[in-house]
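See structure below.
Where a number appears in this text, it was derived from the coordinates with a stated rule and is not lab data. Being a predicted model, the structure only gives us computed values, none of them experimental. Here the Cβ positions follow ideal geometry from the backbone for every residue, glycine too, while neighbour counts run over all protein chains shown.
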Amino acid sequence: MDKDSTRDSGGSKNISVMVKNVSLMYNLSRQREERLKEYVINMFKGKLFFDPFWALNNVSFKLKKGESLGIVGRNGAGKSSLLKIVSGIIKPTEGKIYTQGVISPMIELGGGFDPNMSAKENVFFSGAMHGFSKKYMQERFDAIIEFAELQEFADVPVKNFSSGMGAKLSFAIATFIDPDILIADEAMSVGDIGFNLKCEKRLEEIAGKGATVIIVSHYMEQIKKMCEKTLWLERGNMMMFGETKEVCGAYEKFMAERSAETGS
């Protein structure tokens, strides 16, 4: 499938994100080869067997510019897979994606850095990866470092950072490049309570400027506070999409009933 076959015109300049009948299939190996040699031998012998696993099944929704979407669901529901498809990191097996504007994905906070580079060098490296000039990133550098609370560590190699420090830097970079679409997977799990509140406020500021924000979170109160619309996924299937209060209410009822059934 070529890149263009997964894209759609969207039909409106006001549409920021459109997911149309999107499905994603993974091939899961039936056996485990402990060594590469065993894998290669079995591959040439035709003894590798796979089972199809549909991580997403016929998911569709539209978001207008400036709308915020929360995605909820249990572990393994397909939330992260959907974010990766919208971000353009992976292609859907079926269906089409339409996005309009600069996308800033925060799917693996702290990932994507060169560990041997300093925080400062990684700011410019990340900017270049997104297609931004050195001048553009220089204008935002002080704000990024200050927000990440790394003023004293700007020249320290990232390999010496804690996971929390790396995540803070990743969040700051992603949110200070003025994205049109911001995609965040558990972004509010960064740092302590004070920094979490600062992250919430930053996301609200971005949405207030007209950007579309899509977040995955297991914290319902954050979804209710920050998102106008919510998508509920269950084992790759779209259970509900609509107003946050209604969808979160149905999801919380489902989880309560399931907990009562299992006694957990």
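Can you give me the distance in nm between label points at ALA143 and GLU228, each placed 7 Å from the Cα along the Cα-to-Cβ direction?
Roughly 2.3 nm, to one decimal.
At what distance in angstrom do the alpha carbon centres of the range 59-78 and the range 204-248 lie from each other?
Here the answer is 6 Å between Cα centres.
Cross-link partners among lysines for LYS209, C-alpha distance below 21 Å, same-chain residues fewer than 8 apart left out?
The reachable lysines, counting only those whose Cα sits under 21 Å from LYS209, are LYS13, LYS62, LYS64, LYS65, LYS198, LYS201, LYS224, LYS225, LYS229.
Suppose the chain between VAL156 and ASP178 were pulled fully straight at 0.36 nm per residue; how much longer would it get relative to their current alpha carbon spacing?
Once the chain is fully extended between VAL156 and ASP178, it gains 5.4 nm.
What does the charge dipole of the range 129-225 about its Cα centre add up to, to the nearest 20 debye, if the Cβ of each Lys and Arg holds +1 and the Cβ of each Asp and Glu holds -1?
On the way: 11 positive and 15 negative charges, 32 e Å.
Around 160 debye, computed over the range 129-225.
Assuming R0 = 51 Å, what is the FRET efficiency of GLU121 and GLU252, from their Cβ-Cβ distance, to the nearest 0.05? Numbers along the way, then the final one.
Values: r = 44 Å, r/R0 = 0.87.
The formula returns an efficiency of 0.70 here.
Between SER163 and MET239, what is the FRET efficiency for a Förster distance of 30 Å, r being their Cβ-Cβ separation, to the nearest 0.05?
On the way: r = 32 Å, r/R0 = 1.08.
That pair, SER163 with MET239, gives E of 0.40.
Given contacts defined as C-alpha pairs under 8 Å and at least six residues apart, what's the relative contact order of the range 152-264, whole-number percent? Spell out each step's value before the answer.
Working: 93 pairs, mean separation 19.8, N = 113.
The value is 18 percent.
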